[in-house]
């Protein structure tokens, strides 16, 4: 059973084809990784399937609901953790969760219970009444995941979930993502630049290049498909995206990525 | 036959009732969400109130320096028997609220850069509730400004009307004014999309809005072209309402009810435009 399908999805910005004829299928309960160099179109795909950006042509659906015509239904099914640092530093961890409990229509009687449960699940119950600006990078990321799981989404989008984290913080985020899938059956859709992360977490990876889907499959299948001994996912990535050094990404992307990395690190 | 008809009618009535309760619950949920966005703003201010103190500086300058000097010169004769300071105080309240609200839109750009905006827009919250919630947040900030300007007004020896109804209506007028101008600011931020451009436009807008209003001088002494502009400037109506409510012996020229109506209608129109433009910021 698939939870997300995209069918010949396209998005143009002026003359630029940011996403071109992109068709994928994400199965229920899997961890799906979308890989690609900067500017390959990953963020544009995520914006379209999370209802933030209408496609120029083609269609996509989540749980059978069209992302354009049934945007409201899609929004109830999904959770989203953006790449940037999106928790509010001037509020406490608990307050950050409370506002989203309200925005996601969680009934009043259940809100406190759900918030506590999410905090506990992400191992933040000790720090939840401190201001978020005093959190470490890894804690902020876990808080953001806690925020996004309050309404028990069936599909959770994580955009570069471990960017800028140290190895310990990264490991903790991986563990929690895996537990989220195992215990709640949440399907995970993530983008990453770290091949090690994709190899560890994902049951399926799709590699994008210049707005198109270059290849899709299980990491092990992709590795063995190369005529190379002991091929790594890094080799697969380079094979499909070429050795282009300056493949894309604007000044603004670079600025925001570095800013995020600095704050989280 | 009659039984069938009765059952049918009962069914219709029940359906009508169900529709009514579902409309009522979505209206409730709409305002619940709007208020919770405003509540978060109040919590932020409670965690870090330094901003409130720095914001007291500007109205203090206008009332204590500009006001005192102008009153001594005696160039501006307010209508009625009002002293210039009593005339000025409501104007400065409206002005200080305007200056905060007009830059409120920069938060939209900031939140877009951080991804907070994406998270709000991915949630099943109606866009109108998000925009109205932002407007209410600006209103929360404006209320803190009210406390400061009241204190300054007392300090310069103007008698304040402490009637609880007047106080309540002053709060309403200030909240409406702040909501209106912050939504205007949100619309501009949604159009220009970058901080640098926004700051430039914000600077260009504040002074004309301020000078083309009755905040620091009566409309009657303006040149006629400026009088026309000031009549369509919402700030004029905010000042007019405050003048009728805040000060002992103050009068409003258009009537407080009419002023409030203008501010409310203006806010609703801007919230409608804003909720159409707001989601485009992340595209």
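The values are calculated or read from the model by the stated rules, or taken from the named source; none is laboratory data. These numbers come from a predicted model, not from an experiment. For neighbour counting, all protein chains shown are included, and Cβ atoms are generated from backbone atoms with ideal geometry for every residue, glycine included.
Is it the case, given these coordinates, that residue B:253 is more than 14 Å from chain A (Cβ to nearest Cβ), part of a loop (DSSP other than H, G, I, E, B) and surrounded by 21 or more Cβ atoms within 10 Å (Cβ to Cβ)?
no
Using the structure shown, decide if residue A:220 is surrounded by fewer than 16 Cβ atoms within 10 Å (Cβ to Cβ) and assigned to a loop (DSSP other than H, G, I, E, B).
no
In the stretch A:20-72, what count of residues is obtained for those that are in a loop (DSSP other than H, G, I, E, B), within 14 Å of chain B (Cβ to nearest Cβ) and in contact with a helix residue (DSSP H, G or I) (Cβ under 8 Å, 6 or more places away or on another chain)? Don't jump to the end; show me each part of the working.
First, pick out the residues of the stretch A:20-72 that are in a loop (DSSP other than H, G, I, E, B): A:28-30, A:36-41, A:50-56, A:63-64, A:67-70.
In the following step, the residues that additionally are within 14 Å of chain B (Cβ to nearest Cβ) were identified as A:50-56, A:63, A:67-68, A:70.
Still in the list and also in contact with a helix residue (DSSP H, G or I) (Cβ under 8 Å, 6 or more places away or on another chain): A:50-55, A:63, A:67.
Within the stretch A:20-72, residues that are in a loop (DSSP other than H, G, I, E, B), within 14 Å of chain B (Cβ to nearest Cβ) and in contact with a helix residue (DSSP H, G or I) (Cβ under 8 Å, 6 or more places away or on another chain) number 8.
Being modelled with pLDDT under 90 and away from chain B (no Cβ under 14 Å) narrows it down to one of A:238, A:204, A:192, so name that one.
Residue meeting the stated conditions: A:238.
Restricting attention to the stretch A:84-121, report how many residues are in a loop (DSSP other than H, G, I, E, B) and either more than 12 Å from chain B (Cβ to nearest Cβ) or under 26 Å from residue B:126 (Cβ atoms) (or both).
Qualifying residue count, the stretch A:84-121: 10.
For residue B:260, work out the one condition from (1) in contact with a helix residue (DSSP H, G or I) (Cβ under 7 Å, 6 or more places away or on another chain); (2) within 30 Å of residue A:11 (Cα to Cα) it doesn't fulfil.
Evaluating residue B:260 over (1) in contact with a helix residue (DSSP H, G or I) (Cβ under 7 Å, 6 or more places away or on another chain); (2) within 30 Å of residue A:11 (Cα to Cα) leaves (2) as the failure.
Only one of these is at pLDDT below 95, under 20 Å from residue B:174 (Cα atoms) and surrounded by 19 or more Cβ atoms within 10 Å (Cβ to Cβ): B:115, B:67, B:105. Name it. First the steps, then the outcome.
Numbers: B:115 fails: under 20 Å from residue B:174 (Cα atoms); B:67 fails: under 20 Å from residue B:174 (Cα atoms).
One residue alone meets the criteria, B:105.
Do you know which residues across the stretch A:122-131 are surrounded by 22 or more Cβ atoms within 10 Å (Cβ to Cβ) and either part of a helix (DSSP H, G or I) or at the interface with chain B (Cβ under 10 Å from one of its Cβ atoms) (or both)? Before the answer, list the steps.
To start, the set of residues in the stretch A:122-131 that are surrounded by 22 or more Cβ atoms within 10 Å (Cβ to Cβ) comprises A:122.
Passing the criteria: none in range.
Looking at residue A:47 and the list (1) out of contact with any strand residue (DSSP E or B) (no Cβ under 6 Å at 6 or more places or on another chain); (2) free of Cβ contacts under 8 Å to residues at least 12 places away in the same chain; (3) surrounded by fewer than 21 Cβ atoms within 10 Å (Cβ to Cβ), which single condition is not satisfied?
Of (1) out of contact with any strand residue (DSSP E or B) (no Cβ under 6 Å at 6 or more places or on another chain); (2) free of Cβ contacts under 8 Å to residues at least 12 places away in the same chain; (3) surrounded by fewer than 21 Cβ atoms within 10 Å (Cβ to Cβ), only one is false for residue A:47: (3).
Mind checking whether some residue in the stretch A:165-187 is within 14 Å of another protein chain (Cβ to nearest Cβ) and modelled with pLDDT of 95 or more?
No: zero hits.
Please enumerate the residues belonging to the stretch B:73-99 that are over 17 Å from residue B:146 (Cα atoms) and modelled with pLDDT of 90 or more.
B:83, B:84
So which residues in the stretch B:23-48 are surrounded by fewer than 16 Cβ atoms within 10 Å (Cβ to Cβ) and either closer than 10 Å to residue B:137 by Cα or more than 31 Å from the chain's Cα centre (by Cα) (or both), if there are any at all?
Scanning the stretch B:23-48 gives B:35, B:42.
Would you mention how many residues in the stretch B:149-172 are closer than 17 Å to residue B:239 by Cβ and either part of a helix (DSSP H, G or I) or within 14 Å of chain A (Cβ to nearest Cβ) (or both)?
Matching residues across the stretch B:149-172 total 9.
Quick one: which residue in B:38, B:80 is in a helix (DSSP H, G or I) and either on the phi > 0 side of the Ramachandran plot or touching a helix residue (DSSP H, G or I) at 6+ places or on another chain (Cβ under 8 Å) (or both)?
The match here is B:38.
Restricting attention to the stretch B:46-60, which residues are within 14 Å of chain A (Cβ to nearest Cβ), closer than 24 Å to residue B:206 by Cα and free of Cβ contacts under 8 Å to residues at least 24 places away in the same chain? First the steps, then the outcome.
Residues of the stretch B:46-60 that are within 14 Å of chain A (Cβ to nearest Cβ), as a first pass: B:46-52.
With closer than 24 Å to residue B:206 by Cα added as a condition, the list becomes B:50-52.
Of everything in the stretch B:46-60, those that are within 14 Å of chain A (Cβ to nearest Cβ), closer than 24 Å to residue B:206 by Cα and free of Cβ contacts under 8 Å to residues at least 24 places away in the same chain turn out to be B:50, B:51.
Scan the stretch B:104-119 for residues that are in a helix (DSSP H, G or I) and facing chain A (nearest Cβ under 7 Å) and jot them down. Quick ask: steps written out before the conclusion?
Taking the stretch B:104-119 and keeping what is in a helix (DSSP H, G or I), we get B:106-114, B:116-119.
Within the stretch B:104-119, B:113, B:114, B:116, B:118, B:119 meet the criteria.
Regarding residue A:229, is this residue in a loop (DSSP other than H, G, I, E, B) and over 13 Å from the mean Cα position of the chain (by Cα)? Step through it out loud before you land on a result.
Working: in a loop (DSSP other than H, G, I, E, B): yes; over 13 Å from the mean Cα position of the chain (by Cα): yes.
Criteria met by residue A:229.
Give the residue, chosen from B:263, B:209, B:205, B:245, that is surrounded by fewer than 21 Cβ atoms within 10 Å (Cβ to Cβ) and more than 14 Å from chain A (Cβ to nearest Cβ).
B:205
Given the condition over 30 Å from residue A:46 (Cα atoms), away from chain A (no Cβ under 14 Å) and either buried (at least 24 other Cβ atoms within 10 Å of the Cβ) or in contact with a strand residue (DSSP E or B) (Cβ under 8 Å, 6 or more places away or on another chain) (or both), answer yes or no: does some residue in the stretch B:125-135 qualify? It would help to see each step written out before you state the result.
The first filter runs over the stretch B:125-135 and keeps only residues over 30 Å from residue A:46 (Cα atoms), leaving none.
No.
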